[in-house]
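A short worksheet on the structure shown next.
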Amino acid sequence: MHILIVVAHPDSTSLTHAFATQVSESIVRAAPLYTVEIADLAKEGFDPRFTLDDLAVHRRKGQPPSDIVAEQARIDRADVLVLVYPVYWWSMPALMKGWIDRVFANGWAFDFSLEGPLIKKLDHLRVHLIGVGGADEATYDRHGYVQAMKTPIDHGIFDYCGRK
């Protein structure tokens with residue numbers, strides 16, 4: 001079993017990074033035969049900007065750039081994907097969202113065309129989301145923030161690609 005933990009926070013001393021490290025260490029202690037990889041998007045300098053090249057990939061008129069192929073290969077090696085990110089404005093930060101926008105591309109994460117049904121291609125991948133927020137559970141409940149985040153992230157991104 002290989003677990004890929006993707007973290008998106010510019011400060012390596014943040015609570016977000018501490019959670020990612022704790023998850024990794026807990027997995028290694030509990031299941032020593034599992035392998036864990038942490039991808040630090042900020043430290044690695046991932047470019048989250050969706051460009052015309054990315055749009056060409058989506059339209060099936062271009063090949064993904066090498067940085068995206070490398071990210072997709074990293075996910076292909078994983079059985080479990082864990083995303084760890086701070087909650088900014090009741091969603092994930094632009095760095096994490098841009099990573100998803102660029103990496104979870106048409107033809108790799110799903111197959112969409114006007115000629116046929118949507119094919120979800122990540123049904124083998126288990127996904128866990130750890131959003132680190134600065135409000136208590138009562139605040140999230142009172143304002144409906146949990147559902148507000150679940151709809152675009154859980155359903156809109158990951159269910160669309162077929163994740164478990």
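In the range 55-163, Cα pairs under 8 Å separated by at least six residues give a relative contact order of 31 percent.
I'd like to know which of GLN63, ALA18, ALA42 lies farthest towards the positive end of the charge dipole of the chain, counting +1 on Cβ of Lys and Arg and -1 on Cβ of Asp and Glu. So the residue we want is GLN63. Rounded to the nearest 20 debye, the dipole size of the range 2-161 about its Cα centre is 220 debye, using +1 on the Cβ of Lys and Arg and -1 on the Cβ of Asp and Glu.
Available extension along the chain between ILE130 and ASP79 is 16.7 nm, counting 0.36 nm per residue and deducting the alpha carbon span. Based on C-alpha pairs under 8 angstrom that are at least 6 apart in sequence, the range 1-135 has a relative contact order of 31 percent. The lysine pair tally for the chain, using Cα distances under 21 Å and a gap of 8 or more places or different chains, is 12.
For the chain, the mean residue ellipticity at 222 nm estimated from helices alone is -10000 deg cm²/dmol, where every DSSP H run of n ≥ 4 contributes -39500 (n - 2.57) and the total is divided by all residues, rounded to the nearest 500.
None of the figures in this text is laboratory data; all of them are computed from the coordinates on show. Keep in mind the model is a prediction, meaning the values are calculated, not measured. Ideal geometry is used to build each Cβ from the backbone, glycine not excepted, and the neighbour counts take in all protein chains shown.
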